[in-house]
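A short write-up of the structure that comes next.
The values are calculated or read from the model by the stated rules, or taken from the named source; none is laboratory data. Model, not experiment: these values are computed from the prediction. Here the Cβ is made from the backbone with ideal geometry for all residues, glycine too, and neighbour counts use every protein chain on show.
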Amino acid sequence: MNLLHHVARTAVNQKLGGLRWQEPRDLEQRIRPGRSFLYIHVPFCESICPFCMFNAHKLDRRSSQVQDYFAALKRELLMYEAAGFEFGAAYVGGGTPALVHEELAEFLEFVRNRFDLAEVSVEANPRVSDAAVQSFQAVGVDRLSVGVQSFDDGMLARLGRLEAYGSGAEIRERVNRLLGRFRIVNVDFIFNLPGHDPEVLARDLQIAVEDGIDQLTTYPLMEAQQNRGYVDRQGRIDYDLEARLYKRVILPALRERYTPVSSWCFSRKDKPEIDMLDEYVVDYFDYVGIGTGSMSLHGGRVSVNAYTLPLYQRLIAEGRRPVVLESAPLARRDYMLYYLMMALFGRRVDCKRFEEIFGVPLRRALWPECAALRAMGLVYGDGDQIYTNERGMYVFLMILREFFTHVNRFRSLAREASHKLERQQPPAPEFNLEPALD
(Lines give C-alpha, C1' and ligand atoms only; values in the text may rest on other atoms or scores of the structure.)
Protein backbone atom coordinates (compact mmCIF):
# COMPACT_ATOMS: atom_id res chain seq x y z
CA MET A 1 0.00 0.00 0.00
CA ASN A 2 2.92 2.35 0.56
CA LEU A 3 3.65 1.98 -3.18
CA LEU A 4 0.16 3.30 -4.02
CA HIS A 5 0.67 6.09 -1.49
CA HIS A 6 3.96 6.99 -3.17
CA VAL A 7 2.36 6.98 -6.63
CA ALA A 8 -0.53 9.18 -5.42
CA ARG A 9 1.85 11.64 -3.75
CA THR A 10 4.15 11.81 -6.76
CA ALA A 11 1.28 12.37 -9.21
CA VAL A 12 -0.32 15.11 -7.12
CA ASN A 13 2.97 16.86 -6.41
CA GLN A 14 3.92 16.85 -10.08
CA LYS A 15 0.64 18.47 -11.10
CA LEU A 16 0.24 20.98 -8.27
CA GLY A 17 3.95 21.67 -8.08
CA GLY A 18 3.78 22.75 -11.71
CA LEU A 19 1.39 25.62 -11.04
CA ARG A 20 2.86 28.96 -12.12
CA TRP A 21 2.23 31.87 -9.75
CA GLN A 22 1.90 35.43 -10.97
CA GLU A 23 1.02 38.89 -9.73
CA PRO A 24 -2.66 38.90 -8.59
CA ARG A 25 -4.96 40.70 -11.01
CA ASP A 26 -7.97 42.89 -10.40
CA LEU A 27 -11.25 40.97 -10.32
CA GLU A 28 -12.55 40.57 -13.86
CA GLN A 29 -16.17 40.56 -14.95
CA ARG A 30 -17.52 37.02 -14.82
CA ILE A 31 -17.98 35.51 -18.28
CA ARG A 32 -18.77 31.85 -17.54
CA PRO A 33 -22.55 31.37 -17.11
CA GLY A 34 -24.09 29.59 -14.14
CA ARG A 35 -23.80 29.76 -10.39
CA SER A 36 -20.65 29.34 -8.36
CA PHE A 37 -20.22 28.00 -4.86
CA LEU A 38 -19.44 30.42 -2.04
CA TYR A 39 -17.04 29.47 0.75
CA ILE A 40 -17.08 31.84 3.74
CA HIS A 41 -14.14 31.66 6.15
CA VAL A 42 -14.72 32.64 9.78
CA PRO A 43 -11.29 32.20 11.41
CA PHE A 44 -12.08 32.80 15.09
CA CYS A 45 -11.40 30.12 17.72
CA GLU A 46 -11.33 30.01 21.51
CA SER A 47 -8.18 27.89 21.24
CA ILE A 48 -6.27 26.38 18.31
CA CYS A 49 -6.44 22.57 18.02
CA PRO A 50 -2.95 21.07 17.67
CA PHE A 51 -3.86 18.98 14.60
CA CYS A 52 -5.58 21.87 12.77
CA MET A 53 -4.13 22.86 9.39
CA PHE A 54 -6.48 25.76 8.61
CA ASN A 55 -6.24 29.52 9.06
CA ALA A 56 -7.42 30.23 12.61
CA HIS A 57 -7.11 33.24 14.93
CA LYS A 58 -7.81 33.43 18.63
CA LEU A 59 -11.03 35.34 19.33
CA ASP A 60 -10.69 38.70 21.10
CA ARG A 61 -14.10 39.91 22.22
CA ARG A 62 -12.61 42.98 23.92
CA SER A 63 -11.84 44.63 20.58
CA SER A 64 -13.83 45.37 17.42
CA GLN A 65 -12.09 42.40 15.76
CA VAL A 66 -15.29 40.54 14.86
CA GLN A 67 -17.26 43.57 13.68
CA ASP A 68 -14.36 44.76 11.51
CA TYR A 69 -13.99 41.32 10.00
CA PHE A 70 -17.63 40.90 9.00
CA ALA A 71 -17.71 44.43 7.57
CA ALA A 72 -14.75 43.45 5.38
CA LEU A 73 -16.47 40.19 4.39
CA LYS A 74 -19.50 42.15 3.19
CA ARG A 75 -17.32 44.43 1.11
CA GLU A 76 -15.54 41.47 -0.48
CA LEU A 77 -18.83 39.76 -1.31
CA LEU A 78 -20.07 42.96 -2.98
CA MET A 79 -16.95 42.98 -5.18
CA TYR A 80 -18.00 39.61 -6.59
CA GLU A 81 -21.62 40.68 -6.95
CA ALA A 82 -20.53 43.76 -8.91
CA ALA A 83 -18.40 41.53 -11.16
CA GLY A 84 -21.47 39.50 -12.13
CA PHE A 85 -21.02 36.42 -9.95
CA GLU A 86 -24.05 34.39 -8.88
CA PHE A 87 -23.91 31.94 -5.98
CA GLY A 88 -26.14 28.90 -5.56
CA ALA A 89 -24.92 27.48 -2.26
CA ALA A 90 -22.62 28.40 0.61
CA TYR A 91 -20.38 26.68 3.14
CA VAL A 92 -19.14 28.41 6.31
CA GLY A 93 -15.88 27.03 7.66
CA GLY A 94 -13.27 28.07 10.16
CA GLY A 95 -12.12 28.48 12.73
CA THR A 96 -15.20 28.00 14.85
CA PRO A 97 -18.01 29.94 13.13
CA ALA A 98 -20.55 29.27 15.90
CA LEU A 99 -18.49 31.36 18.33
CA VAL A 100 -19.68 34.47 16.52
CA HIS A 101 -23.15 33.20 15.64
CA GLU A 102 -24.94 36.55 15.95
CA GLU A 103 -22.63 38.28 13.50
CA LEU A 104 -22.56 35.23 11.23
CA ALA A 105 -26.36 34.93 11.15
CA GLU A 106 -26.63 38.59 10.21
CA PHE A 107 -24.04 38.07 7.46
CA LEU A 108 -25.86 35.01 6.10
CA GLU A 109 -29.04 37.05 5.94
CA PHE A 110 -27.06 39.67 4.01
CA VAL A 111 -25.93 36.96 1.56
CA ARG A 112 -29.41 35.48 1.16
CA ASN A 113 -30.85 38.91 0.36
CA ARG A 114 -28.50 39.08 -2.64
CA PHE A 115 -28.31 35.50 -3.87
CA ASP A 116 -30.77 32.61 -4.17
CA LEU A 117 -28.93 30.01 -2.08
CA ALA A 118 -30.29 26.49 -2.36
CA GLU A 119 -28.33 25.26 0.66
CA VAL A 120 -26.09 26.52 3.46
CA SER A 121 -23.72 24.43 5.58
CA VAL A 122 -21.98 25.63 8.76
CA GLU A 123 -19.21 24.06 10.83
CA ALA A 124 -19.51 23.87 14.62
CA ASN A 125 -17.65 22.38 17.56
CA PRO A 126 -19.27 20.04 20.11
CA ARG A 127 -19.99 22.93 22.49
CA VAL A 128 -22.23 24.74 20.02
CA SER A 129 -24.69 26.72 22.12
CA ASP A 130 -28.49 26.67 21.94
CA ALA A 131 -28.33 30.37 21.04
CA ALA A 132 -26.08 29.56 18.06
CA VAL A 133 -28.37 26.74 16.95
CA GLN A 134 -31.38 29.07 17.08
CA SER A 135 -29.48 31.75 15.14
CA PHE A 136 -28.61 29.26 12.41
CA GLN A 137 -32.14 27.87 12.24
CA ALA A 138 -33.52 31.39 11.88
CA VAL A 139 -31.44 32.06 8.75
CA GLY A 140 -32.17 28.69 7.16
CA VAL A 141 -28.96 26.74 7.68
CA ASP A 142 -29.52 23.30 6.15
CA ARG A 143 -26.54 21.36 7.43
CA LEU A 144 -24.59 21.59 10.67
CA SER A 145 -21.22 19.82 10.63
CA VAL A 146 -19.94 19.04 14.13
CA GLY A 147 -16.23 18.39 14.65
CA VAL A 148 -16.49 15.54 17.16
CA GLN A 149 -13.28 13.72 16.08
CA SER A 150 -13.87 10.92 18.64
CA PHE A 151 -16.15 9.84 21.48
CA ASP A 152 -13.21 8.17 23.26
CA ASP A 153 -11.84 10.10 26.25
CA GLY A 154 -8.30 8.88 25.66
CA MET A 155 -8.39 9.98 22.04
CA LEU A 156 -9.95 13.32 22.98
CA ALA A 157 -7.14 13.93 25.49
CA ARG A 158 -4.58 13.05 22.84
CA LEU A 159 -6.20 15.54 20.46
CA GLY A 160 -6.21 18.27 23.10
CA ARG A 161 -10.02 18.37 23.13
CA LEU A 162 -11.05 16.63 26.37
CA GLU A 163 -10.69 19.72 28.53
CA ALA A 164 -12.04 22.05 25.85
CA TYR A 165 -15.18 20.08 24.90
CA GLY A 166 -15.81 17.58 27.67
CA SER A 167 -15.95 13.81 27.78
CA GLY A 168 -17.09 11.56 24.97
CA ALA A 169 -20.34 10.88 26.83
CA GLU A 170 -21.03 14.61 27.15
CA ILE A 171 -20.27 15.21 23.48
CA ARG A 172 -22.53 12.32 22.48
CA GLU A 173 -25.40 13.79 24.48
CA ARG A 174 -24.95 17.23 22.89
CA VAL A 175 -24.83 15.80 19.37
CA ASN A 176 -28.03 13.84 19.95
CA ARG A 177 -29.80 17.04 21.02
CA LEU A 178 -28.92 18.53 17.63
CA LEU A 179 -30.54 15.75 15.59
CA GLY A 180 -33.74 16.88 13.92
CA ARG A 181 -32.99 20.57 14.32
CA PHE A 182 -31.37 20.78 10.88
CA ARG A 183 -32.03 18.90 7.67
CA ILE A 184 -28.60 17.28 8.09
CA VAL A 185 -26.36 16.91 11.12
CA ASN A 186 -22.92 15.69 10.11
CA VAL A 187 -20.30 14.40 12.54
CA ASP A 188 -16.60 14.53 11.68
CA PHE A 189 -14.18 11.85 12.87
CA ILE A 190 -10.43 11.83 12.43
CA PHE A 191 -8.57 8.58 11.88
CA ASN A 192 -5.04 7.26 11.42
CA LEU A 193 -3.30 9.09 14.19
CA PRO A 194 -0.04 7.19 14.77
CA GLY A 195 -0.93 3.99 16.64
CA HIS A 196 -4.69 4.58 16.24
CA ASP A 197 -6.40 1.64 17.96
CA PRO A 198 -8.87 0.01 15.53
CA GLU A 199 -11.16 -0.89 18.44
CA VAL A 200 -11.42 2.77 19.47
CA LEU A 201 -12.36 3.80 15.93
CA ALA A 202 -14.86 0.93 15.67
CA ARG A 203 -16.54 2.02 18.93
CA ASP A 204 -16.76 5.62 17.72
CA LEU A 205 -18.51 4.53 14.55
CA GLN A 206 -20.76 2.07 16.38
CA ILE A 207 -21.98 4.88 18.66
CA ALA A 208 -22.70 7.11 15.67
CA VAL A 209 -24.59 4.34 13.86
CA GLU A 210 -26.61 3.43 16.98
CA ASP A 211 -27.56 7.08 17.50
CA GLY A 212 -28.68 7.45 13.88
CA ILE A 213 -26.40 10.37 13.01
CA ASP A 214 -27.50 11.71 9.62
CA GLN A 215 -24.06 11.81 8.07
CA LEU A 216 -20.52 10.78 9.04
CA THR A 217 -17.27 12.14 7.65
CA THR A 218 -14.08 10.20 8.37
CA TYR A 219 -10.98 12.25 7.62
CA PRO A 220 -7.50 10.75 7.57
CA LEU A 221 -4.87 12.70 9.48
CA MET A 222 -3.16 15.13 7.09
CA GLU A 223 0.21 16.73 7.59
CA ALA A 224 0.78 20.44 7.04
CA GLN A 225 3.25 23.08 8.12
CA GLN A 226 0.68 24.35 10.63
CA ASN A 227 0.37 21.01 12.47
CA ARG A 228 3.77 19.42 11.77
CA GLY A 229 5.00 19.83 15.34
CA TYR A 230 1.95 17.99 16.68
CA VAL A 231 2.21 15.22 14.08
CA ASP A 232 5.93 14.76 14.75
CA ARG A 233 5.29 14.41 18.49
CA GLN A 234 2.62 11.77 17.83
CA GLY A 235 4.95 9.61 15.76
CA ARG A 236 5.27 8.56 12.12
CA ILE A 237 2.10 8.43 10.04
CA ASP A 238 1.55 4.83 8.96
CA TYR A 239 -0.27 4.68 5.63
CA ASP A 240 -0.59 0.90 5.80
CA LEU A 241 -2.53 1.44 9.05
CA GLU A 242 -4.65 4.04 7.26
CA ALA A 243 -5.59 1.45 4.61
CA ARG A 244 -6.44 -1.18 7.24
CA LEU A 245 -8.57 1.23 9.27
CA TYR A 246 -10.46 2.32 6.17
CA LYS A 247 -11.03 -1.12 4.66
CA ARG A 248 -11.42 -3.24 7.80
CA VAL A 249 -13.07 -0.81 10.21
CA ILE A 250 -14.77 2.13 8.49
CA LEU A 251 -16.33 0.43 5.47
CA PRO A 252 -17.63 -2.65 7.36
CA ALA A 253 -19.02 -0.51 10.21
CA LEU A 254 -21.03 1.73 7.89
CA ARG A 255 -21.87 -0.56 4.97
CA GLU A 256 -25.29 -1.73 6.21
CA ARG A 257 -26.94 1.59 7.11
CA TYR A 258 -24.91 4.25 5.26
CA THR A 259 -24.11 4.91 1.65
CA PRO A 260 -20.82 6.55 0.65
CA VAL A 261 -21.33 9.92 -1.04
CA SER A 262 -17.59 10.47 -1.28
CA SER A 263 -14.54 8.45 -0.33
CA TRP A 264 -14.79 9.71 3.26
CA CYS A 265 -18.37 10.89 3.69
CA PHE A 266 -21.31 8.55 4.40
CA SER A 267 -25.03 9.36 4.55
CA ARG A 268 -27.90 7.34 5.98
CA LYS A 269 -29.52 5.08 3.40
CA ASP A 270 -33.01 5.67 4.79
CA LYS A 271 -32.78 9.47 4.38
CA PRO A 272 -32.38 10.25 0.65
CA GLU A 273 -32.71 13.98 1.40
CA ILE A 274 -29.20 13.89 2.87
CA ASP A 275 -27.50 15.08 -0.29
CA MET A 276 -24.91 17.59 0.97
CA LEU A 277 -21.30 16.95 1.93
CA ASP A 278 -18.28 18.82 3.26
CA GLU A 279 -16.22 18.75 0.09
CA TYR A 280 -18.10 21.25 -2.05
CA VAL A 281 -15.32 20.91 -4.65
CA VAL A 282 -16.97 17.62 -5.63
CA ASP A 283 -20.24 19.20 -6.72
CA TYR A 284 -19.08 22.64 -7.86
CA PHE A 285 -16.61 23.11 -10.67
CA ASP A 286 -16.20 26.79 -9.87
CA TYR A 287 -15.99 28.22 -6.35
CA VAL A 288 -15.13 31.48 -4.64
CA GLY A 289 -13.68 31.77 -1.16
CA ILE A 290 -14.11 34.98 0.80
CA GLY A 291 -12.41 35.86 4.06
CA THR A 292 -8.87 35.64 5.31
CA GLY A 293 -6.87 32.74 3.88
CA SER A 294 -9.73 31.54 1.66
CA MET A 295 -8.98 29.80 -1.61
CA SER A 296 -10.84 30.13 -4.90
CA LEU A 297 -10.90 28.37 -8.26
CA HIS A 298 -12.61 30.34 -10.98
CA GLY A 299 -11.69 31.35 -14.50
CA GLY A 300 -9.24 28.46 -14.46
CA ARG A 301 -7.07 30.19 -11.82
CA VAL A 302 -6.30 29.25 -8.23
CA SER A 303 -6.10 32.17 -5.80
CA VAL A 304 -5.54 32.60 -2.07
CA ASN A 305 -6.61 35.56 0.05
CA ALA A 306 -4.46 37.51 2.50
CA TYR A 307 -3.64 35.28 5.45
CA THR A 308 -3.57 37.80 8.29
CA LEU A 309 -6.52 39.78 9.60
CA PRO A 310 -4.82 43.21 9.41
CA LEU A 311 -3.71 42.77 5.80
CA TYR A 312 -7.03 41.27 4.68
CA GLN A 313 -8.95 44.19 6.20
CA ARG A 314 -6.47 46.75 4.87
CA LEU A 315 -6.77 45.56 1.29
CA ILE A 316 -10.57 45.55 1.53
CA ALA A 317 -10.60 49.06 3.06
CA GLU A 318 -8.49 50.25 0.11
CA GLY A 319 -11.06 48.81 -2.29
CA ARG A 320 -8.68 46.15 -3.52
CA ARG A 321 -9.22 42.46 -4.12
CA PRO A 322 -7.60 40.80 -1.06
CA VAL A 323 -5.72 38.13 -3.06
CA VAL A 324 -2.00 37.68 -2.35
CA LEU A 325 -1.38 34.56 -4.45
CA GLU A 326 -2.80 33.72 -7.87
CA SER A 327 -1.89 31.13 -10.46
CA ALA A 328 -1.71 31.38 -14.20
CA PRO A 329 -4.68 29.67 -15.90
CA LEU A 330 -4.69 25.89 -15.65
CA ALA A 331 -4.02 24.04 -18.87
CA ARG A 332 -7.26 22.70 -20.34
CA ARG A 333 -6.19 19.08 -19.89
CA ASP A 334 -5.21 19.72 -16.27
CA TYR A 335 -8.64 21.24 -15.68
CA MET A 336 -10.17 18.05 -17.10
CA LEU A 337 -8.03 15.89 -14.81
CA TYR A 338 -9.04 18.02 -11.82
CA TYR A 339 -12.70 17.51 -12.70
CA LEU A 340 -12.20 13.75 -13.09
CA MET A 341 -10.34 13.50 -9.76
CA MET A 342 -13.00 15.37 -7.82
CA ALA A 343 -15.87 13.52 -9.48
CA LEU A 344 -14.35 10.13 -8.68
CA PHE A 345 -13.62 11.20 -5.10
CA GLY A 346 -17.37 11.90 -5.04
CA ARG A 347 -17.85 8.33 -6.37
CA ARG A 348 -19.44 9.19 -9.73
CA VAL A 349 -18.49 10.79 -13.02
CA ASP A 350 -21.33 12.12 -15.13
CA CYS A 351 -19.94 11.78 -18.64
CA LYS A 352 -22.64 14.01 -20.17
CA ARG A 353 -21.81 16.83 -17.77
CA PHE A 354 -18.11 16.45 -18.60
CA GLU A 355 -18.91 16.86 -22.29
CA GLU A 356 -21.16 19.87 -21.59
CA ILE A 357 -18.34 21.59 -19.70
CA PHE A 358 -15.41 20.74 -21.95
CA GLY A 359 -17.06 20.15 -25.33
CA VAL A 360 -15.48 16.74 -25.83
CA PRO A 361 -16.39 13.23 -24.62
CA LEU A 362 -14.56 12.10 -21.48
CA ARG A 363 -13.31 8.86 -22.97
CA ARG A 364 -11.82 10.70 -25.93
CA ALA A 365 -10.29 13.56 -23.93
CA LEU A 366 -8.78 11.40 -21.18
CA TRP A 367 -8.69 7.94 -22.75
CA PRO A 368 -5.33 6.89 -21.18
CA GLU A 369 -6.59 7.75 -17.69
CA CYS A 370 -9.97 6.08 -18.27
CA ALA A 371 -8.26 2.93 -19.54
CA ALA A 372 -5.89 2.89 -16.56
CA LEU A 373 -8.75 3.23 -14.06
CA ARG A 374 -10.45 0.18 -15.54
CA ALA A 375 -7.23 -1.81 -15.84
CA MET A 376 -6.48 -1.18 -12.15
CA GLY A 377 -9.98 -2.32 -11.18
CA LEU A 378 -10.95 0.98 -9.56
CA VAL A 379 -14.18 1.81 -11.42
CA TYR A 380 -17.24 0.21 -12.98
CA GLY A 381 -20.16 1.32 -15.13
CA ASP A 382 -20.67 2.04 -18.81
CA GLY A 383 -22.49 4.65 -20.81
CA ASP A 384 -23.06 7.99 -19.11
CA GLN A 385 -21.99 7.11 -15.55
CA ILE A 386 -18.71 5.82 -14.10
CA TYR A 387 -18.51 4.82 -10.43
CA THR A 388 -15.69 3.94 -8.05
CA ASN A 389 -15.80 0.57 -6.29
CA GLU A 390 -14.45 0.14 -2.74
CA ARG A 391 -10.89 -0.27 -3.98
CA GLY A 392 -11.28 2.89 -6.03
CA MET A 393 -12.78 4.72 -3.06
CA TYR A 394 -9.62 4.20 -1.03
CA VAL A 395 -7.34 5.14 -3.93
CA PHE A 396 -9.19 8.44 -4.33
CA LEU A 397 -9.13 9.00 -0.58
CA MET A 398 -5.33 8.76 -0.86
CA ILE A 399 -5.27 11.11 -3.84
CA LEU A 400 -7.47 13.71 -2.10
CA ARG A 401 -5.44 13.40 1.10
CA GLU A 402 -2.32 14.18 -0.91
CA PHE A 403 -4.15 16.92 -2.82
CA PHE A 404 -5.19 18.71 0.37
CA THR A 405 -1.76 18.19 1.89
CA HIS A 406 -0.19 19.91 -1.11
CA VAL A 407 -2.83 22.65 -1.08
CA ASN A 408 -1.63 23.46 2.44
CA ARG A 409 1.65 24.47 0.82
CA PHE A 410 -0.32 27.14 -1.04
CA ARG A 411 -1.51 28.40 2.34
CA SER A 412 2.09 28.57 3.51
CA LEU A 413 3.02 30.55 0.39
CA ALA A 414 0.08 32.89 0.99
CA ARG A 415 1.15 33.39 4.60
CA GLU A 416 4.67 34.29 3.47
CA ALA A 417 3.32 36.65 0.79
CA SER A 418 1.04 38.28 3.38
CA HIS A 419 3.88 38.93 5.81
CA LYS A 420 5.96 40.39 2.97
CA LEU A 421 3.16 42.76 1.96
CA GLU A 422 2.61 43.82 5.56
CA ARG A 423 6.25 44.83 5.85
CA GLN A 424 5.97 46.88 2.65
CA GLN A 425 2.82 48.81 3.55
CA PRO A 426 2.04 51.53 6.12
CA PRO A 427 -0.19 50.88 9.17
CA ALA A 428 -3.81 50.14 8.37
CA PRO A 429 -6.34 53.01 8.39
CA GLU A 430 -9.33 53.07 10.69
CA PHE A 431 -12.00 50.78 9.23
CA ASN A 432 -15.21 52.49 8.30
CA LEU A 433 -16.79 50.11 5.84
CA GLU A 434 -20.47 50.10 6.76
CA PRO A 435 -21.60 53.26 4.85
CA ALA A 436 -20.45 51.65 1.60
CA LEU A 437 -22.79 48.72 2.19
CA ASP A 438 -26.07 50.63 2.06
Exercise. If L315 passes every condition in (1) of a type in the set (A, V, I, L, M); (2) more than 15 Å from L27 (Cα to Cα); (3) free of Cβ contacts under 8 Å to residues at least 40 places away in the same chain but one, which one does it miss?
Worked result: (2)
Exercise. Can P322 be described as on the phi < 0 side of the Ramachandran plot and at pLDDT 90 or above?
Worked result: yes
For this session: Take the stretch 30-60 and flag every residue that is within 25 Å of T292 (Cβ to Cβ), at pLDDT below 75 and not aromatic (F, W, Y).
Result: R30, S47, I48, C49, P50, C52, M53
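Is it the case that the stretch 106-119 has a residue that's assigned to a strand (DSSP E or B) and in the same structural domain as D188 (by TED's automatic domain parsing)?
yes
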For this session: Scan the stretch 49-59 and give yes if some residue there is more than 23 Å from E326 (Cβ to Cβ) and either out of contact with any helix residue (DSSP H, G or I) (no Cβ under 9 Å at 6 or more places or on another chain) or in a helix (DSSP H, G or I) (or both), otherwise no.
Result: yes
Exercise. Looking at F403, is it within 30 Å of V66 (Cα to Cα), modelled with pLDDT of 85 or more and buried (at least 18 other Cβ atoms within 10 Å of the Cβ)?
Worked result: no
For this session: Please verify whether the stretch 189-203 includes one or more residues that are free of Cβ contacts under 8 Å to residues at least 60 places away in the same chain, closer than 15 Å to V146 by Cα and surrounded by fewer than 21 Cβ atoms within 10 Å (Cβ to Cβ).
Result: yes
Seminar exercise, completed: Apart from one, (1) in contact with a strand residue (DSSP E or B) (Cβ under 7 Å, 6 or more places away or on another chain); (2) more than 23 Å from Y165 (Cβ to Cβ); (3) at pLDDT below 80; (4) not aromatic (F, W, Y) all hold for R20; the odd one out is (3)
Exercise. Taking the condition outside the structural domain of S263 (by TED's automatic domain parsing), within 25 Å of the chain's Cα centre (by Cα) and at pLDDT 95 or above, does F396 pass?
Worked result: yes
For this session: Might you check whether a residue that is surrounded by fewer than 22 Cβ atoms within 10 Å (Cβ to Cβ), in contact with a strand residue (DSSP E or B) (Cβ under 7 Å, 6 or more places away or on another chain) and touching a residue at least 24 places away in the same chain (Cβ under 8 Å) occurs anywhere in the stretch 93-103?
Result: no
Exercise. Taking the stated definitions as given, is V395 among the hydrophobic types (A, V, I, L, M, F, W, C), assigned to a helix (DSSP H, G or I) and at negative phi?
Worked result: yes
For this session: Go through (1) modelled with pLDDT of 90 or more; (2) farther than 30 Å from V323 by Cβ; (3) more than 22 Å from the chain's Cα centre (by Cα) and name the single condition G359 misses.
Result: (2)
For this session: Hey, can you tell me all the residues within the stretch 60-89 that are in a loop (DSSP other than H, G, I, E, B) and surrounded by fewer than 18 Cβ atoms within 10 Å (Cβ to Cβ)?
Result: D60, R61, R62, S63, S64, A83, G84, E86
Exercise. In the stretch 155-168, is there at least one residue being assigned by TED's automatic domain parsing to the domain that holds S262, surrounded by 19 or more Cβ atoms within 10 Å (Cβ to Cβ) and not in a helix (DSSP H, G or I)?
Worked result: yes
For this session: Determine whether the stretch 141-154 contains at least one residue that is over 20 Å from the mean Cα position of the chain (by Cα), in the same structural domain as R248 (by TED's automatic domain parsing) and crowded, with 19+ Cβ neighbours inside 10 Å.
Result: yes
